[in-house]
Amino acid sequence: MSGAMTVRRSLPDAEILAFDRGHDASYSMCGIPMYLGGEVGDWRELVARSVEEFAAHDVRVRLRSEVVDIDAAARRVRVRDLQRGAEYEEPYDALLYAAGASPVVPDLPGVRRWGTPVRTLEHARQLHAVLEREQPGSAVVVGGGYIGVEVAEALVRRGVRATLIDRNPQVMDSLDEDVAAELAGILRDFGVDLRLGESLVGVEGDEDGRCRQVRTDRGRYEAQLLVLALGARPASRLAEAAGCRLGARGAIVVDERMRTGVDGIWAAGDCVESLHLVSAQPVNVQLGTHANKQGKVAGLDISAALSGSAARGAAAFPGVVGTAVTKVCEWEVGRTGLSLREAREAGLDAEAVLVEGTAKAGYLPEAGRLLVKLVGERGTGRVLGAQMLGSAGAAKRIDVAAVWCQLGVRVDDAQLHDLAYAPPFGSVWDLVQVAARKLSAELGLPSAL
Ligand SMILES: Cc1cc2nc3c(=O)[nH]c(=O)nc-3n(C[C@H](O)[C@H](O)[C@H](O)COP(=O)(O)OP(=O)(O)OC[C@H]3O[C@@H](n4cnc5c(N)ncnc54)[C@H](O)[C@@H]3O)c2cc1C
């Protein structure tokens, strides 16, 4: 819809039609854990724009309308009206394919019947309704990525005994083990029953159709609710059938203007692959921040193409560095670039330092703990990645490191960047620069202070 609105702004006379098989037009998925936890009182607050609001901009949105086929040669889509069951065709000059990703639901006994993924606003409404109506005493969340962690916290906030299960030995695989261990401690202290290194085996319910027990390869857990947060696969099947090339993890290959290589088809969001600017590898990173930017770039390029000018759109999507942030039980957790493990797996000669300090000047009350891990490359001296965890100051500080990663800044240069300082926000040597100084020495960089 970001692409659609961009085209609308550029081309006031274009006819714009959007199809979505779901029940809602444009909403914040990112706010779903907050709705489940009660911080957001009504799901309607998560809706960014309704069908009526799009119509006011002359963008027609058809909900419960599934695109079932794309004929790229004839430039037509076939659409199934999910309410009436009828199918019809619509022609297009330009098609933006932004089908997102499909949640992973393992084919294990009882999982499909009793498990609910967290992917759409409809899932959120279903889970919320069970929480309100049945007031479950216990729940199991499977998947310890940031979504599973956020949902487990939300459940505990509502007074539900929540067990979080992941087959990996740590939570949030995108963090290094040492930072993830800190996060695991925070979750346990908050009351989440964390079960790591355990794989889901099946689910059992009772005769009245209620979920009762979740089985893993190491135990059994009582659960009146089962939430699935096992990740999502790029929804690229239709695009592939239309001739689009797939790459990393089944995501659609696009150029920097979000063109797929098939005439008339652009793609954006969770279903596409992006260039990782640190590893130089194609990746599929599913985040709203990228989806919105890519939608806009695609919209600009589509507008340029439709306006008949031979010129390509001016905007280009450069790639990603994997910056992500979340708030867990009053703690901020951020990561960017490559973790030490990822850097070494990518064959880079990487080193890291972990420093601990305070989120405010140490003499202030409640100065709060802050951890910074910085990863750099021997030889080039460039910043490869960072991870931060703090009672405050981690979430936005990670953006400093994100820019270092994106611009290929050297660790020793980073130590002297002009960053803001006042006691309520940190120490006179900001902790990211303390980390940069230590890492410079570790990497043997000549200008280490
Ligand atoms: C619980 C949760 C929390 C999140 N938190 C964050 C966060 O804090 N920060 C962040 O950056 N990102 C976050 N994300 C990720 C972010 O929401 C996604 O990256 C973003 O929504 C992707 O946008 P998209 O347009 O590519 O896909 P989607 O938003 O999934 O939209 C795709 C749409 O396509 C429709 N569709 C699919 N196939 C068809 C078809 N054949 N016909 C018609 N319609 C179809 C679907 O119904 C869907 O509405 C979160 C995601 C979840 C689930």
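Summary table
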{"item": "Residue among D193, D178, D189 that is more than 20 Å from the chain's Cα centre (by Cα) and within 19 Å of L374 (Cα to Cα)", "result": "D178"}
{"item": "Residue within the stretch 125-134 that is free of Cβ contacts under 8 Å to residues at least 12 places away in the same chain and within 16 Å of the ligand (Cβ to nearest atom) present", "result": "yes"}
{"item": "Among residues of the stretch 5-21, those that are within 10 Å of the ligand (Cβ to nearest atom), open to solvent by 30 Å² or more (accessible area, probe 1.4 Å) and assigned to a strand (DSSP E or B), counted", "result": "2"}
{"item": "Filtered residues of the stretch 208-221 (kept if in a strand (DSSP E or B) and either in contact with a helix residue (DSSP H, G or I) (Cβ under 9 Å, 6 or more places away or on another chain) or exposed (fewer than 14 other Cβ atoms within 10 Å of the Cβ) (or both))", "result": "C211, R212, V214, R220"}
{"item": "Test: G205 is surrounded by 15 or more Cβ atoms within 10 Å (Cβ to Cβ) and modelled with pLDDT under 95", "result": "yes"}
{"item": "Among the residues listed as V61, V105, V67, V111, the single one being touching a helix residue (DSSP H, G or I) at 6+ places or on another chain (Cβ under 8 Å), closer than 30 Å to A154 by Cα and not small (G, A, S)", "result": "V105"}
{"item": "Selection from the stretch 426-449 of residues that are closer than 18 Å to A352 by Cβ and free of Cβ contacts under 8 Å to residues at least 24 places away in the same chain", "result": "Q433, R437, A441"}
{"item": "Lone qualifier among G379, G357, G362 - being assigned to a loop (DSSP other than H, G, I, E, B), under 18 Å from A420 (Cα atoms) and either open to solvent by 10 Å² or more (accessible area, probe 1.4 Å) or out of contact with any Gly (no Cβ under 8 Å at 6 or more places or on another chain) (or both)", "result": "G362"}
{"item": "Residue count for the stretch 237-282, restricted to those that are in a loop (DSSP other than H, G, I, E, B) and within 12 Å of the ligand (Cβ to nearest atom)", "result": "7"}
{"item": "The stretch 365-376: number of residues that are open to solvent by 30 Å² or more (accessible area, probe 1.4 Å) and among the basic types (K, R)", "result": "1"}
{"item": "Residue tally, condition within 12 Å of the ligand (Cβ to nearest atom) and either open to solvent by 50 Å² or more (accessible area, probe 1.4 Å) or assigned to a loop (DSSP other than H, G, I, E, B) (or both), over the stretch 321-332", "result": "4"}
{"item": "Residue identified as among the β-branched types (V, I, T) and within 22 Å of L439 (Cα to Cα) among V372, V325", "result": "V372"}
{"item": "Residues located in the stretch 144-155, provided they are within 11 Å of the ligand (Cβ to nearest atom) and not hydroxyl-bearing (S, T, Y)", "result": "G145, I147, G148, V149, E150, V151, A154"}
{"item": "Subset of the stretch 27-64 (residues that are in contact with a strand residue (DSSP E or B) (Cβ under 9 Å, 6 or more places away or on another chain), farther than 18 Å from E90 by Cβ and assigned to a loop (DSSP other than H, G, I, E, B))", "result": "S28, S50, H57"}
{"item": "Where R161 falls short, out of the listed (1) surrounded by fewer than 19 Cβ atoms within 10 Å (Cβ to Cβ); (2) farther than 17 Å from R220 by Cα", "result": "(2)"}
{"item": "Condition broken by D24, with the remaining ones in (1) within 12 Å of the ligand (Cβ to nearest atom); (2) open to solvent by less than 40 Å² (accessible area, probe 1.4 Å); (3) outside any loop (DSSP other than H, G, I, E, B); (4) not polar (S, T, N, Q) satisfied", "result": "(3)"}
{"item": "Count of the stretch 27-61 residues which are acidic (D, E) and either within 11 Å of the ligand (Cβ to nearest atom) or open to solvent by less than 60 Å² (accessible area, probe 1.4 Å) (or both)", "result": "1"}
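Listed here are the residues, each with its yes/no results for (1) open to solvent by 20 Å² or more (accessible area, probe 1.4 Å); (2) without any contact (Cβ under 8 Å) to a residue 24 or more places away in the chain; (3) within 25 Å of L370 (Cβ to Cβ); (4) of a type in the set (D, E).
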site	(1), (2), (3), (4)
T260	no, no, no, no
V283	yes, no, no, no
G299	no, no, no, no
S303	no, no, no, no
S307	yes, no, no, no
A316	yes, no, no, no
G319	no, no, no, no
G334	no, no, yes, no
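Conditions (1) touching a strand residue (DSSP E or B) at 6+ places or on another chain (Cβ under 6 Å); (2) part of a helix (DSSP H, G or I); (3) at pLDDT 95 or above, marked per residue:
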site	(1), (2), (3)
G347	no, no, yes
V375	yes, no, yes
D399	no, yes, yes
C405	yes, yes, yes
V428	no, no, no
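The values are calculated or read from the model by the stated rules, or taken from the named source; none is laboratory data. All values derive from a computational prediction rather than experimental measurement. Virtual Cβ from ideal backbone geometry, glycine too; neighbours counted across all protein chains shown. Remember, those area values only see protein heavy atoms, side chains included, never the ligands or the DNA or RNA. Shrake-Rupley method; radii C 1.70, N 1.55, O 1.52, S 1.80 Å.
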